[in-house]
Amino acid sequence: MLSVRRRFACWIVLAAVFAPAWAADAVDGGFPFERDLMLDAAPMRGSKRVPMLQIEENGAASIDLWCASVRAQATVGDGTISIVPESPQPAQCTPERQSGDDNLLAALSQVTTWKRRGDVIELFGATPLRFRLMTN
């Protein structure tokens, strides 16, 4: 009888140790729809703004660039993604920020796959992009 109790206790301990890892795997697998994703980059000189991306489950997306903001249409599958941004509206920006907007839009329109690792979402294409989930 004592060995049955010990085995049961061992199973309980193992379950307690590995349950967080199993839960993390389940959470890490899905794309974070309707959540703000912040580009993993420092703000440009003279600004506190960092680009952000949000994709709804229906594919509607909003992109806040270095200077402007645009709408987009996204298709997200199991590890695949495509983003088709609309043309940005002209904005009063420095040439550096405007160039950053153009480069980021070009990179986003070329992404084909994504991977999630905890709070980090990586988009892969001609230029890999790394975003972080806003946790506040």
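The values are calculated or read from the model by the stated rules, or taken from the named source; none is laboratory data. Worth saying up front: this structure is predicted, and the values here are computed from it rather than measured. Here Cβ is always computed from backbone atoms with ideal geometry, including for glycine, and neighbour counts include all displayed protein chains.
Tabulated data for the structure shown
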read-out	value
Filtered residue count, segment 88-128, keeping only those that are under 22 Å from the mean Cα position of the chain (by Cα) and outside any helix (DSSP H, G or I)	20
Leading residue by the ranking (farthest from LYS115 (Cα to Cα)) among those in segment 25-77 that are among the acidic types (Asp, Glu) and within 14 Å of the chain's Cα centre (by Cα)	ASP64
ARG35 vs. criteria modelled with pLDDT of 95 or more, surrounded by 12 or more Cβ atoms within 10 Å (Cβ to Cβ) and in a loop (DSSP other than H, G, I, E, B)	yes
Which numbered condition THR127 misses (of (1) exposed (fewer than 14 other Cβ atoms within 10 Å of the Cβ); (2) in contact with a strand residue (DSSP E or B) (Cβ under 8 Å, 6 or more places away or on another chain); (3) among the hydroxyl-bearing types (Ser, Thr, Tyr))	(2)
